[in-house]
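Read through the structure below, which is laid out as structure tokens, and then see the notes.
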Amino acid sequence: MNNLEILIIAFGLAMDAFAVSLASGASNHLKSKRATFRLSFHFGLFQFLMPVLGWFFGYAIAPFFQTFDHWIAAGLLLFVGGKMIYAAKGEFPKAFQQDPSKGINLVILSFATSIDAFAIGLSLAMLQINIWYPSIIIGIVTGVLSVVGIKLGRKLGSIFGKRVELFGGVILILIGLRILIEQV
């Protein structure tokens, strides 16, 4: 997997966090730099950790699935991409009732926006790709895009949330299809 593909995956995975960051910024709950840092740091941290966890789990079971691992990896990417596209068609959150950068809200949002990264970690294990470099890139891209999302959300509201998630889903589906095409 080359650097461009890792960046594309990172941007695709970061779209959930970016969309939530847009909504958070639009909600006017994240008024301080500290709140912006808390939310973006935790989004990036969880996006870094979840692929690592998925990779370790996938690496443990990968020897049992080597003959059809590319189907599993592509299937996971197609599933995650499809889920993102489906979510993009749903209603974008209007505003948060409480500060999303504190307490249980922060943990729930961080976990919810990074579940897809666990599946990517599984996929990378099936493809026998070392997880550390991609995970670091995924975490950094997510953290940076979260800050950008918060700032844009403050200025533009929630106008772009659905489109960004839709774009991220399409990108992951294209990468999954590429894996299938290379194996046929």
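Of everything in region 1-10 that is more than 14 Å from the chain's Cα centre (by Cα) and not in a loop (DSSP other than H, G, I, E, B), the residue that is surrounded by the most Cβ atoms within 10 Å (Cβ to Cβ) is 5.
If the condition is being part of a helix (DSSP H, G or I) and either among the β-branched types (Val, Ile, Thr) or at pLDDT 90 or above (or both), then region 94-116 contributes 104, 107, 108, 115. One residue is enough: does region 28-36 have a residue meeting the conditions over 17 Å from the mean Cα position of the chain (by Cα), small (Gly, Ala, Ser) and outside any helix (DSSP H, G or I)? Looking through region 28-36, at least one residue is over 17 Å from the mean Cα position of the chain (by Cα), small (Gly, Ala, Ser) and outside any helix (DSSP H, G or I). Of all the numbered requirements in (1) within 18 Å of the chain's Cα centre (by Cα); (2) crowded, with 19+ Cβ neighbours inside 10 Å; (3) at pLDDT 75 or above, residue 170 misses one, and that requirement is (2). Candidates 138, 72: the one that is among the β-branched types (Val, Ile, Thr) and modelled with pLDDT of 85 or more is 138. The residue that is modelled with the lowest pLDDT, among those in region 11-34 that are surrounded by fewer than 24 Cβ atoms within 10 Å (Cβ to Cβ) and of a type in the set (A, V, I, L, M, F, W, C), is 23.
The values are calculated or read from the model by the stated rules, or taken from the named source; none is laboratory data. Everything numeric here is computed off the predicted structure, so don't read it as measured data. For neighbour counting, all protein chains shown are included, and Cβ atoms are generated from backbone atoms with ideal geometry for every residue, glycine included.
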